[in-house]
1. Looking only at region 39-58, decide whether some residue is under 16 Å from V278 (Cβ atoms) and either outside the structural domain of K345 (by TED's automatic domain parsing) or at pLDDT 95 or above (or both).
2. When only residues in region 292-330 that are of a type in the set (A, V, I, L, M) and surrounded by fewer than 21 Cβ atoms within 10 Å (Cβ to Cβ) count, which is farthest from P40 (Cα to Cα)?
3. Please count how many residues of region 35-79 are in a strand (DSSP E or B), among the aliphatic types (A, V, I, L, M) and surrounded by fewer than 20 Cβ atoms within 10 Å (Cβ to Cβ).
4. Regarding V192, is this residue without any contact (Cβ under 8 Å) to a residue 60 or more places away in the chain, within 19 Å of A146 (Cβ to Cβ), β-branched (V, I, T) and in the same structural domain as V290 (by TED's automatic domain parsing)?
5. Quick check: is even one residue across region 334-344 under 24 Å from L193 (Cβ atoms), modelled with pLDDT of 95 or more and not assigned by TED's automatic domain parsing to the domain that holds E94?
6. Looking at (1) surrounded by fewer than 20 Cβ atoms within 10 Å (Cβ to Cβ); (2) touching a Ser or Thr at 6+ places or on another chain (Cβ under 9 Å), which one does F219 not meet, given that it meets all the others?
7. I'm told A283 meets every condition in (1) outside any loop (DSSP other than H, G, I, E, B); (2) over 21 Å from P268 (Cβ atoms); (3) without any contact (Cβ under 8 Å) to a residue 24 or more places away in the chain except one. Can you identify the failing condition by its number?
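The values are calculated or read from the model by the stated rules, or taken from the named source; none is laboratory data. Because the structure is a prediction, the values reported are computed rather than measured. All Cβ positions, even for glycine, are placed from backbone atoms using ideal geometry, and neighbour counts span all protein chains on display.
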Amino acid sequence: MPPPATLRRARLQQLFSHQTRGPADPLEITGMKLWPLREPKSGRRYTILRLDTRSGVQGYGECGTVAPREADLARQAINGTAASAYEVVSRRLEGAPTVRSAVDMAMLDILSRHAKAPLYQVLGGPTRFKVRAMAPLDGAAALDRAQALGFRAFAVPAPVNEFRNAGRSYVQRVATLMDRLRRAASPEADFVLEAGGQLVAGDAQSVAAELERFHLLWFDEPARLSNLGAVRKIAGESVTPLGFGRTLRTAGDFQDLLREDAVDILRPDLAWHGVSQVKRIAALAETYYVAVAPYHDGGPLGTAAALHLAACLPNFFIQQIPSPVAAEDREMRAALVSPAVETVKDGFAALPTGPGFGVTVSESALERYRENA
């Protein structure tokens, strides 16, 4: 006969297992599938992820390119977990940051579909019923097309700076570009100049001062964030608003930037952070009276997620929506989800109204456009 201590441990184990097991959760995740995609002309890459549940409710998410190791980690982290435990899963996936955002989106999609409500209602919204939209331009010729599609705000890439400390000649090139675009655009058009962190602090400061007369929405990533003191100096010597955050990966990085009082528009990357983390970053920015304009350069499912996110953020400013020039890319994006979520009218996109993200994902289109390794 086993000793009394062994019998006691066995009885306690049995008791604890009954207390923690509970009935089967209908939203328990039972499977995951990935579709790596690549647009035929632009080369833009993103991955669509699907999660399956015991009850049959499915949810979809989007992220960047997923390595096989990250996919394996995600399967281990979500297997047998309820969709409501998205915060728990997020912590489990700290070692798989790319796929984590798609898993977060898909779990939230499942929850809101189960609740038969749009995601923005589950997240506490809406704070607005339409979302201001911005189109990235890949050249001056794209301006007319973007205006015809209903956009009234445009992100313009800054001229390439061929050497460091270019000085006045570079500033003049930027001014010439903005003058040309301003003349070609409608009177109500707004612009963002994107520098991609390519400028040294001195050039960035000179450009920001020159751009004051253009009244930009903001000057995006004028310099690298490796020296926050230099960034603060750029902000302190010009009234041109500055936007940063596309390259930041942790909440602590955003906190450091906000403490420097050197940013006017915060730009967390939706594909990296996912809906939940961007929502937390926005709450942090709100305490500093800083607006949020999430960066998005992925697919149409990511656009749907961005619109729901915008609806529940009190300090939301504007949403970047990819607008490919090539007809083949536009055809692909239109085939992936329905109804269309990237339609803009008078500068605004409408909120999806159906349950979850409010869109139906076409798996036949996902298979057709799947990028084979």
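1. no
2. V325
3. 0
4. The answer is yes for V192.
5. yes
6. The failed condition is (1).
7. Every condition holds for A283 apart from (2).
Yes or no, residue by residue, for (1) free of Cβ contacts under 8 Å to residues at least 60 places away in the same chain; (2) under 23 Å from L51 (Cβ atoms); (3) of a type outside the set (S, T, Y):
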{"site": "G299", "(1), (2), (3)": "no, yes, yes"}
{"site": "Q320", "(1), (2), (3)": "no, no, yes"}
{"site": "V325", "(1), (2), (3)": "no, no, yes"}
{"site": "S338", "(1), (2), (3)": "yes, yes, no"}
{"site": "K345", "(1), (2), (3)": "no, no, yes"}
{"site": "A350", "(1), (2), (3)": "no, no, yes"}
{"site": "G354", "(1), (2), (3)": "no, yes, yes"}
{"site": "S364", "(1), (2), (3)": "yes, yes, no"}
